[in-house]
Each structure stands twice: as structure tokens, then as C-alpha cells.
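Accompanying notes for the structure given below.
The values are calculated or read from the model by the stated rules, or taken from the named source; none is laboratory data. Keep in mind the model is a prediction, meaning the values are calculated, not measured. Here the Cβ positions follow ideal geometry from the backbone for every residue, glycine too, while neighbour counts run over all protein chains shown. Only protein heavy atoms, including side chains, enter the accessible area calculation; ligands, DNA and RNA are left aside. Shrake-Rupley method; radii C 1.70, N 1.55, O 1.52, S 1.80 Å.
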Amino acid sequence: MTTTAPEQVEAPQKGFAGESIPRKEDRRLVQGQGVFFDDVKRHGMGYVHFVRSPYAHAGIVSIDVSAAEAVEGVYGTLIGEEVAALTDPFFEMSTPPGNEIRDYALAVGKVRFAGEPVAAVVAETRELARDAAELVEVEYEPLDAVVDAVAALEPGAPVLHEEAGTNVVWSGTFDWGDYDEALAEADRVVRIDRLYFHRFSSTPLECAGALVEYDRGTEQWTLHCNHQMPGIGIVWMAPALRCGTDKLRIVTQDIGGGFGNKITLHPYFVALCLLARKLHRPVQWTEWRTDQHTANTHGNERTFLDVEVPVRSDGTMLGFKVRAIDDAGAFPRYEPLGCIIWAQVTPGCYRWRHVRVDFTQACTNKSPTAPNRGYSRMQQLWFTERVIDVVASELGLDPVEVRKRNYIRADEMPYETPNGCVYDSGDYARCLDIALDLVGYDKLDERRADAESRGKLLGLGIGSTLDSGTNNFGQSQLLNPELQFSGNNEVATVRLDIFGEIVVTLGTTPQGQSHETVASQVVADLLGVTPDQVHVRAGHDSYWNSHAGFSGTYASQFAVTGLEAVRGATLELADQIRRLAAVILGAGGPDDILLEEGMAKRRDMPEAALPFMACGAIINVNNAGLPPELDDVTLNCRYVYRPPFQVPDTERKFGNLTLTYATQIHACVVEVDPETGVYEIVDYAAVDDCGTRIHPQIVEGQVHGATAHALGAAMFETFPYDEDGMLLASNFYDYHVPHALDMPPLKTGFIESPSPFSSLGTKGMGEGGGAGIHAVCAALQDALRPVGNPIVTESHNPYHRVWELIRDPAASRAGIEVSER
Amino acid sequence: MLLSEVGYARPTSVDEAVRLLAENDGARPLAGGQTIVNVMKARAAAPDVLVDLADLAELRTIAATSDGGLDLGALATYAQVITSAEVKAARPLLSDVAAQIADVQVRNRGTVGGNVCSNDPTNHLPPLFVAMGASMTLVGPDGERTVPAEEFFLGVYMTAVAPGELLTRIVVPPAGEALDGFDAVTIGADGTCIVNAAVTAAGGEARIVLGCVAATPVLLTAAADEASVRAAVRGAELDPPSDLHGTVEYRRHLAEVVAARALAAAQEGS
Amino acid sequence: MKVEGTRRYEAPRERVWEVLNDPAEMAGLMPGVESFEIVDDTHWKAKVKVPLGLGSMKMSIDFEKTESLPPERASLHAKGKGVGAVMSMETRFDLTEDGGATDMRWQADVRILGQVASMGQRVVQPIVNQQVEQVLTALDERVAVKAGEA
Amino acid sequence: MEPVTSMRVTVTVNGESHERKVEARRLLVHFLRDDLDLTGTHVGCDTGNCGACTVLLNGAAVKSCMLLAVQANGASIETVESLAPQGGALHPLQQAFSDRHALQCGYCTPGMLMSAKHLLDHNPEPTENEIRRAIQGNVCRCTGYVNIVEAIAAAAKGEVSA
């Protein structure tokens, strides 16, 4: 184990933590008084419209903006040539030749996906900007497009980035345990030709955008935006803009959902910065839905080839081998991190000890990818779960029994995976039992018979999520040892102000995760006040000096990184208040002071109390004559939480990559109409274990939401492309997201396995979506057993694919083989 | 979002509307706007002038005809059709199907006239009106003419409504002995149709009308039994479009299934 | 998107060829042509406003005759630009004589790129078919007229 | 009247009359957000699917992105800003949404509330299915609708905290 536990793990506190208190955010949001980026206006601002490529792959011969600039009310334009002159390419994280890729704010020289911005026009109104954008003449020289990652790796495939000379972004092998030994020990080996995890995205309802101001005097930009990871955002943007990071002030307040889709907005934002500077006026850009679908980000698409699973006859899993091909789209941006993030959950929930993975990521002429709720782990977890069900099917074993036989047991926690990750706590078998109970597993046969009597096929499926939270960014060095990233951090500042106001600022950028509320619970308990008395500033502002390099809201980490920072700052503040009060009240020392009811009281004489208001006033405006031992008391405490990570071993690609692992086990019951392939989810349970819950209602809300994303992805949501690289689901007609009538009734359950690695016993959570995608796959496979026992090999199963499985089950089984050893 | 510049006029009479449509090249009527405004957002194919029919109250009425059929004003909204006592009495299926279209907000604005005039192949009402043998009343500068529903639909977004003409009413004959049925496979609950079918069966004969399998509704006739209906659909050699929601083969197969189910629904409903 | 078919014209092959080979004649067959300009023997341009029911799609189209084997075969490449759409079409016509009539085999490979292509295949496919059908019907009529003139 | 590309419109929004000159092409949602600065009404798509822009037009729930501002000339509109008087108590639906955690990011919430209001205005005692049908035109990407459905039911029954 490379992770050490904090010195003291506190028992769950009695107090506001653990209670579902009213959410602080709600009052403004239910009244339409939230401030989303598009609500921010400035005098004289111009609206930006991007001219986008209709081609998936083409050379840019020329761009003529003269007609657009001649339109009255048009303030100006920006094209790739200017961008190339004024900025440097964005930092690339891969090793050569993948790091040769040159990515700019606008297309330079050629376009690599349909929808890629090639120019920008700024005008007095939104409509006029679009009118003028239509007048920009771009001459293209069309090139062949490649839209499949496997094909992109074939010799002779069109190459997207000539600088790299290949479509490979990153490639490497991972070899943990002794795979050959596992093969030798196996009774059977199950082979699966191909499993495929499809491309989709969580499509936050609010699209991306920003209002950007440039101050010529200070050479500073202010971005009122919805970037969800400003810490890393400015690391991309500042070097590109050839400025220091403090020249980029990022401001967010309310963000209409993120799900990872708002992490890689830097190309657009750099274009806006250039325009604001060039045109001497604030510029505003709102991305529309079609833009978001075609040219923001998608989740990673992954093909698993040549899967080999050595097992014992009783279903004990010994190991697996797989060749994974990941599709990064046209530009890597956050990639190739996805080539390692999956390894946080290498064996899923299972006791696989011997693993060999050959992983390659390729560029294709499609929208770039970025972290999408469950980033990179969702694909891996789906893979492990699919393997479990395929093996169970082929060995004639009960999938529930196979799971229980192979689950990592509660008594094995903390559990070190074959690649050195440490699963902190959890009880998968118990979660599964609760889930099965919720969907009436004991009555399954009766329900099958009942469905059959109505001409339907009923099936049950199980899925799991390990929501690994609090990344060790050192895992990036497993991809590229030259990278100078490791560890993680988050910041909070807690201050006692003049009139006793408790003011909390966070480094995070919540998009619905209720950080104001949850932070206030933690602060209230530590200071002996109520959450109402804690003012948590909404959103993020770099001017608050309450952020660090990894600040943001992503990767299920607030309940650990965010709350540890809040707790650290609050404890420091509490200590300062005690020290001050001890002096003022003449107590023996800080330990003799008790904080309760908004006052610092002497333990021995509670009527001797100093209200917080007095504390704030003394330090801030009435501080003459204070003794020197209070010189460092500011009542303004900033704390940076840094998780106890080591740099992983880059030789063995071994080490702990995340701090906590929340669990979700889902059970799904489907009914299939065998004549049409139409199916309905008739029962659904999600059981969550995210350690100690600070606000159960919020946790449950995250479980609901993640499940909806999963069911949408399983049934409706997909981003397919035609052979010319045109996206076929560019709006909510073709990209059908679940509506209220589409969602089955959800049953939820929970257990709490406190994390030994966080002070509050919490684990980051919120990305549990992957479980549902698999639960649907497994339920379909179970339901279709009576009609030829087809195997579900893809993560997305719309009605027509289910019909194909029924029509030709043999086709789905063609790539499956079991050999005796 | 963000429409191209467009002219706008809001006539107060049908005559004025027709004049505006006839006199302005590229003019299109604006009824509920639930299709055309969306199409305009993409800017690819946009009208030059919108003639807003909002003030033509006489086109908003739903009335029973003397023979027990329905006289639907083109501007009657889905919401009106859903709650109309006349519709429920004469052809209740029309009301049931209108309730499946999109969502409350769209049903509050969208009109029966707009549904047939836009003729998106996935629309619900074109197959239904063809099955029921409805007829469309068109008013143009030269007066009024009537077009049977089965001759009304000419292509995607194309109908018998000529430039300068306006659809004013849709007349649905009385059901008499006829039984109406509808079935569809949709993308999610009440979502866009993947394939739909309307059936009107009378005297042992079924008029089967398939939607989403061609640019216009496909009308077939067969004896009103499942085997005959299925055989008729199979024999129609459909060449449906394929997209991410259904392949050619899937739509062809669904056409047969939903036709049979629409017939069953018609017969069960009796 | 490939569409193909055969047509029979009750006219000699030369008549059909004349229409097919004359840019001005072809321009007359296309729906919604607003202006037309012949650049040289093998290149011409058109601005069209294709009526599509709910509105009209404006496009500027460049044509290039890529193959001409009188009176048997002609191939044409067309590239059109409109708002949110790029159209590219390769067409080929093969004419064979059958007594006094002419059989034409035609094929067209139409590619629609840009936002419009992403907006619903179920609509784009039938619309392309409709447009091709319109051109061929107009060609029918024009050939009949030509045959009558001859 | 001959076609015009811009005109003066008078619209009553939340009880207050507004007169503005607008281009015929301006969508009602942009008129509300940009011209009247009523930014509670949101935009989540460009095809009329998501319902974030739902407002009441003469009492009927409509998507303000599928309506031109000129079409609303003479009409009365209610937006989310009308639900609770400034500084006053929340509307029972607003309170129920907060009580039941029916919102996370809050972006769909204004439209969702207006659809829910439309429902309860016409059907004070809806069943669960009726509630789901009533918000079928409103997409939420955060909640899976579970708590939204519960909140609307609670508001209908008056089960909201004070």
C-alpha cells in the first residue's frame, strides 16, 4: 500500500453533517435568479459566432472575411492565421509522436472534424453575428476522412496530424500479475472477439460559453464562464496566450450541468480572449445545442479486441487479456489521460490478479473527446461486467453466483489491485443483495412466467460502478514520465468577518453538486453554529485566491478534497477563535474554550462568552493592544488539502491512482417485445455506498441522475457518424435523452462503508452512471436466452439492435469461443 | 437558434392571408410554428415571409358536420383536438393520437394544419387522415378547392398546397361502421415515430396507411384480418429510409407489425 | 447516398444527348435556378433556390463535366454550397439505343455535408430522391419537346 | 398590413406591460432574456425539445424558443420570475422543489416549474402518470425526474414546508 491513512479518523459526527438540510442554492435557482454565464451582460459587448467546417477532413485553401467585416454592426473577425501568429499551440500530454500534434483555438491550415471552428465573427447582436458568419468565404480542399479508431490505425488510413505522422495518440502495454501463469492454471479459456463501448455524452442542459473582458491597463482577461476545471483550464490557456496564469481571471457562478463536458473549453476561450483584446470590447459566446453535439466533446469510445479470460470451471476468474482501442476524436486535449484513468478500476469489483492490456488511442475525424461522467473507468467497468456475464453464459453458471464468487470481499478491504490501486472500503456482495431484494429477485421466475403469458421476455441484469474519486495526477506519468504532474489539491478559505459573518470560499466550480450546502454543514459542526449562519460564496473566482492547481469540480472528489479543505480551514479558524477568546476571556488556553451557539465560551464558565461578532470586530477593526501571541491570528484561514499520494512506479506502471472508491450496484429488470425488439425497464434498483454521507438527499439525487444518464446511454443516446464524418445525432431529436415518461421508477438503497482515508469517512461520488449501462446489457442478454441465447457485445442497445439479436442470435455468438485446457 | 431575417405579416382575414401568400415570393403560413420555427433556426431552408395566421379565429374551430363527421379548422391545436367533445364523439382515435404528439407545450401550440402541411414523414396525423379518408380544403387567389388526403401529401415538407394557397380546413367523414386504429414504435415514450400505422377497417376491408417508411404516407388496402394486412405490407416492397433509429430492414419489419397491431387496436376498440 | 435507375425515352439517342450535354438545357431542368453562368466548355455555375416546402434552400453550385463520350456517356461533378450545407454529386449517364428509343442508365452519388447532413437522415434521403426525381421528370419532358422539334 | 422585418410590440410580462421594437426574427426567449433582461427563462437546445424556455402564454405552457417575439404581440406572459413576489414567500411549487431536492444545477428548473404550474392550474390533483406527462417536454439532465415528480405531487397536496 502506498497510501497512508490520516492520523485520526473521526467517528461520524452528531450535528448537521448527515442531515438532509435545505439546500442553500435553491432559493435563487427556483426563482430564476441564478447567474449563469449567458445572464451576464456588459455595455458594448459583441456577440461571437463561429464559422464551422462542414467537412470532417479538409485543407483550408483560403479564408476571406471581407464581406463579413463590411456588414454594418459587425465589430470584427478572427481567423486561424491570426491565432497561429498570436498564440502557441496548446500543451500536449502524450509522448512522441502524439505530442507533436498542434492544437490551436481555431483551425490552422486544415480542419479535422465537421463543426471545427475556422473563423469567428463578432457583431452587435446574436443574429447579426450569424448573418455575417455566413458571409465568410472559406475554400476547402476535401480530404478522405477516417471515422473509426480501428481503421485509423490501419496502414494507409488518412492521417489527421501530419506533424505526428500517425493517428496514434498514445500506445502502451500494461502487464500485471502473471498472465501466462493464469492461463496455465485455467480449466477453460473464454475468448471474445470484440466488445464495443459506444460514443455518447452527458450533454449538460446548459451549453458552454463565456463573456470575456480584457483590461488593457492590466493586460488581464476576465472570463465569466462555465469552465468546470479552471485550475487546469488556465494551465492550457496561459502558455498558449503567452501570459501568466494570473492574467486569466476565471469567474463562475451557477453552471447548468457539466459532467466533464466543460473541462476542455480552452480552445474556444482562447479565441474569445484574442477577440476581446483585438476588438477592445467585451465579447460573448453562447454555444448552441447543435454546436455542443458536433463540436464540444464526447465521451470516449472504446473497442475491446481479442479478449481472453482464463477461468476455473467453477467460474473463478483468474485474469484477462485484451487489446483496447480508444477513440480520442480529432484532438487529444484532455487525452491521453483516458489511456490510464481506466486503470484506477482495472479489475472492476473482482479478484482478477493477472491482467495484460494492450492499449492504443487513436485520432479520428470526429468531435474531440473529454472526460464524461465516469470518464474512462465506465468503459473499463462495463468491460469487466460484460466479461462476467459472457463467461457465466458460456459456462452455464448463474451470473449472481459468479459475481459473488469473484467479488472482492469486505474483509479484504483495503484491497490492493494488481496494479497497486487501493480500494479503501466497501461491501459489494451486500450491495448486490440489497439491490436484488429491491427488485424482487426471489420472485423472478414467477415474473418471467407472467411476462411470457403476455408475450414478453423478461430478464434481469446487474451492473456495478466503482466511483474512484480524488485522482492522483501522478498517473499521468505512467503515460509520459516526463510530465510534471502528480498528486492533487483543493483549497478553501474560511473567514470570520467584522460583524461575525462566517464566509467560506471554495476552489470548486459546482454544477449542481450542492457545495454551498454541504460545505456549510461541515463548517457549522466545527464552529458550533447552524448552516444558515455560514455564508458559502457561490461559484468560483480566481480573485478570491481560493484555488490551486487542480481546483475544479470533476472526478468525484468534492466530498474528499473539497471537504478536507473546508475542514482544514475551519479547524484553523476555530483554533484562532479559541486563542483569541482565551486571551480576551482570561481562560487558561485555547483548549479551555468551547465553540457553540455562535460564541466562544469558557468551558469552566460558559456565561463568559465572546460572540463571534466580537471576535470578528476585534481582529478586523479594534485590534490595538492585542498581545504578540495573537499576531498570527487573522480569522481568515486558507487551507490547501493535499492527499497523501506517492508518484507511481513508472517502470511497472504500478501505484495508487485514487484515494477513495464509492460503490454502486444496480439491478435492472427488462421486458422485451420479441417481435419488435422494443423493451421497457420494469424494475430498477441502485444501491450506493459512498462511505459516510454528509447529505443523504443530495447523494440520492446524484444516484438518480447518474442512473438516468446510464439508461439514456444504454437505450437512446449515441453519437454515430456517417462515412463522411457527419454526426448523425446533432440535436435532441435524434439524440434522445430520457424524458420523464422514459424513466422507470427507481428504487434506491444504500450502505455506508466509511473510507479510512478521509477525515469524515466520506468518498467522492456522483459518477455512478456506468452501472446502469451494463445492467441493461445484462438484463437484455438474460431476457433473450430463450430466443437463441444471443450475446450482447455493445453498450448501446436501441430497439433495432435488440431486434437484430433476436433475428440472428448466431451472429452475435460468432466471436465467442470457449476452449478447455 | 438565431433566424435569418424574415418578413412578418399578421392578416386578419383568410382573403388577406391568401393575398399575402400569393404576392410575396417565398411566403409561408405560420400557424403554431412548432415545425417551421425549428426549421428556420437551422437557416438551411427558410421562408422569406411568414404570414402569421394567429388572428384567423374562424380557422380555429372544431365542429361536427351534418353527417356526423368532423370539420377541423386548420389552426385547431392538438390540445383542442384532445379535449374536443366533437372529436371524441366522431373519431375518438384522433384525440388519442393527438395526445401522443410531442409534449404539452407543443400540443398547446401545434396545429392539425401545421402537422399535415409540414408532412415530416414521422408525423402522426398524415397516415391517420389518409386512413380516415379526410379531405383538405385549400383556398387560393382563384377560390377554394378540395383535395383528398391521399392526394395531399407529395413529399417531405411538400403537399398539394400550391404557392399562394392556404389550407383552411380538414374534413373527416363520419366513422359510420368503420373502426380506427393506430400503432407506432417511437424513440422513447411519446417520442418521434420510428414507424407508425393507421388503419381504418370497414366492411371487412382495411385501409392501412404507413408512416415513416417513405416520403409520404403509404396507403394499402387489404381484407381486415391480420394475415391479409401483413401480406399486404410485405407485398408493398417498401423502401424505407434508414437512420440511427432503424435500418431499412427494421423499418420494413416494423411496418408489418405496427400495421397488424393498428388493425388489432381498431378491432379491439370496437 | 447513391441513387440510380433507368429511364426510357421515346427519342433518338442524339436528342437525349443534346439535352444532357448542354449546360443551358440542364440548367432549365433544375428546380429553382435563379442565375446561370457558363465558364467554359466543361465548367459552369448556377445559383439556385430549391423550394423545399417549408422554405427554400439557397445554394451556389459549380459544375464540371468530367467525362463526355458522345453520345454514349457523360459524367458530371457538381459541388454546391449553402447555409450549413455542402453538396457534392457525381452523376453518370449511359445512353443506349433501342430502335428509335433511348435507354438511359443513370447513377448519382450525392453527399450532403455540414449541419444539414446532421439534421435527420430520414428527411434528407427522401428529399434527395425527390429532387432527383424532379430533374429526371423535367428531362423526360424536355427530351419529348426536343424530339418533337426535331 | 404588408410584411415587415421589424415592428413595435407590446407584451405584458408578469403583469407589467413592455413595449419594444423587435426584429421579426427574434425569438421570444431572446426577447425575454436579452431585451427585457428576464434571465430566469433558459435555453437548453435549438430544436424545441428541452423545455428550459417554457413560459405561460395567455395561461398556456409554451416553449418560448419556438415562438417569435412578434407573435406574442398583445399577449400576456408569465415567466418563472412571476412565481414568488420579490422577497416574499416561495410559491408552493418552488418550495416543494427545494424540499424534495428536485433541482441540482437548477438550469431546467424555471421551465420545469412553469410546466408544473400549468399542470396544477388545470389539474389540481394529478396522478403520477399525469405529472410525468405534464413534464414530458422538459428535459432535466441532473435528477432523473424522480424528485421532480415527487415535488409536484407534494405541491399539489400542499405538503410543503413553511
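Worth a mention:
- Residue check: D:G51 meets all listed conditions (1) in contact with a Ser or Thr (Cβ under 8 Å, 6 or more places away or on another chain); (2) within 24 Å of A:H293 (Cβ to Cβ); (3) within 8 Å of chain A (Cβ to nearest Cβ) but one, namely (3).
- Whenever a residue of the range A:311-322 is of a type in the set (F, W, Y), its partners that are outside any strand (DSSP E or B), lying with C-beta atoms within less than 7 angstrom and at least six residues away or across chains, give the pairs A:F320/A:W352; A:F320/A:V387.
- Of all residue pairs spaced 6 or more apart or on separate chains, none has beta-carbon atoms under 9 Å together with a first member in the range D:123-139 that is more than 11 Å from every other protein chain (Cβ to nearest Cβ) and within 15 Å of A:P744 (Cα to Cα) and a second member that is among the hydroxyl-bearing types (S, T, Y) and open to solvent by 20 Å² or more (accessible area, probe 1.4 Å).
- The range A:477-513, subset among the polar types (S, T, N, Q) and out of contact with any Gly (no Cβ under 8 Å at 6 or more places or on another chain), residue nearest to A:T658 (Cα to Cα): A:N488
- Candidates A:G59, A:G98, A:G76 - the one that is open to solvent by 10 Å² or more (accessible area, probe 1.4 Å) and either modelled with pLDDT of 95 or more or away from chain D (no Cβ under 14 Å) (or both): A:G59
- The residues of the range A:653-678 that are under 25 Å from A:P798 (Cβ atoms), touching a Phe, Trp or Tyr at 6+ places or on another chain (Cβ under 8 Å), open to solvent by 10 Å² or more (accessible area, probe 1.4 Å) and not charged (D, E, K, R) amount to a single one, A:V678.
- Complete set of residues in the range A:705-742 that are at the interface with another protein chain (Cβ under 7 Å from one of its Cβ atoms), under 22 Å from A:A686 (Cβ atoms) and of a type in the set (D, E): A:D742
- Of all residue pairs spaced 6 or more apart or on separate chains, those with beta-carbon atoms under 9 Å, a first member in the range D:34-45 that is more than 7 Å from chain A (Cβ to nearest Cβ) and in contact (Cβ under 8 Å) with a residue 24 or more places away in the chain and a second member that is basic (K, R) and surrounded by fewer than 20 Cβ atoms within 10 Å (Cβ to Cβ) are D:D35/D:R20.
- Check on A:L457, touching a residue at least 40 places away in the same chain (Cβ under 8 Å), touching a Leu at 6+ places or on another chain (Cβ under 8 Å), over 29 Å from A:M765 (Cα atoms) and surrounded by fewer than 24 Cβ atoms within 10 Å (Cβ to Cβ): yes
- Flag for A:P54 being surrounded by fewer than 24 Cβ atoms within 10 Å (Cβ to Cβ), assigned to a loop (DSSP other than H, G, I, E, B), at pLDDT 95 or above and in contact with a helix residue (DSSP H, G or I) (Cβ under 8 Å, 6 or more places away or on another chain): no
- Here A:Q477 fulfils each of the conditions (1) more than 25 Å from A:C339 (Cα to Cα); (2) touching a Leu at 6+ places or on another chain (Cβ under 7 Å) apart from (1).
- Conditions (1) more than 7 Å from every other protein chain (Cβ to nearest Cβ); (2) open to solvent by less than 40 Å² (accessible area, probe 1.4 Å); (3) at pLDDT 95 or above; (4) not in a strand (DSSP E or B): number failed by D:L56: (4)
- Among the criteria (1) within 30 Å of A:Y441 (Cα to Cα); (2) more than 11 Å from chain D (Cβ to nearest Cβ); (3) among the acidic types (D, E), the one A:E700 does not fulfil is (2).
- Note on the range C:82-110: residues that are crowded, with 19+ Cβ neighbours inside 10 Å and modelled with pLDDT of 85 or more amount to 14.
- For the range D:46-64, the candidate set comprises residues that are touching a residue at least 40 places away in the same chain (Cβ under 8 Å) and out of contact with any strand residue (DSSP E or B) (no Cβ under 7 Å at 6 or more places or on another chain); within that set, the residue that is farthest from B:E5 (Cα to Cα) is D:G59.
- Residues within the range D:1-42 that are open to solvent by 10 Å² or more (accessible area, probe 1.4 Å), more than 15 Å from D:G74 (Cα to Cα) and within 20 Å of the chain's Cα centre (by Cα), tallied: 7
- Flag if C:A46 is more than 10 Å from chain B (Cβ to nearest Cβ), within 30 Å of B:L21 (Cα to Cα), in a strand (DSSP E or B) and without any contact (Cβ under 8 Å) to a residue 60 or more places away in the chain: yes
- Looking across the range C:111-128 at every residue that is assigned to a strand (DSSP E or B) and hydrophobic (A, V, I, L, M, F, W, C), the one that is modelled with the highest pLDDT is identified as C:L113.
Yes/no matrix, rows are residues, columns are (1) small (G, A, S); (2) within 14 Å of chain D (Cβ to nearest Cβ); (3) open to solvent by less than 30 Å² (accessible area, probe 1.4 Å):
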residue	(1), (2), (3)
B:D15	no, yes, no
B:G68	yes, no, no
B:D71	no, no, no
B:Y78	no, yes, yes
B:K88	no, no, no
B:S118	yes, yes, yes
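- Within the range D:65-90, residues that are more than 10 Å from chain A (Cβ to nearest Cβ) sit with their Cβ atoms under 6 Å from residues that are open to solvent by 10 Å² or more (accessible area, probe 1.4 Å) and among the charged types (D, E, K, R), at 6+ positions apart or across chains, in these pairs: D:A69/D:R26.
- Among the strands (runs of 3 or more DSSP E) confined to the range A:98-201, the ones with at least 2 residues that are basic (K, R) and out of contact with any Ser or Thr (no Cβ under 6 Å at 6 or more places or on another chain) are located at A:188-197.
- Within the range B:192-262, strands (runs of 3 or more DSSP E) holding 2 or more residues that are under 21 Å from C:A117 (Cα atoms): B:193-202
- Total residues in the range D:95-116, condition more than 7 Å from every other protein chain (Cβ to nearest Cβ) and in contact with a strand residue (DSSP E or B) (Cβ under 7 Å, 6 or more places away or on another chain): 2
- Options C:A24, C:A11, C:A74: the member that is open to solvent by less than 40 Å² (accessible area, probe 1.4 Å) and either outside any strand (DSSP E or B) or under 22 Å from A:Y140 (Cβ atoms) (or both): C:A11
- Of B:P241, B:P217, all but one fail to be open to solvent by less than 20 Å² (accessible area, probe 1.4 Å), within 14 Å of chain C (Cβ to nearest Cβ), touching a helix residue (DSSP H, G or I) at 6+ places or on another chain (Cβ under 8 Å) and within 21 Å of B:L125 (Cα to Cα); the exception is B:P241.
- Test: residue in the range A:261-279 that is open to solvent by 20 Å² or more (accessible area, probe 1.4 Å), part of a loop (DSSP other than H, G, I, E, B) and away from every other protein chain (no Cβ under 14 Å): no
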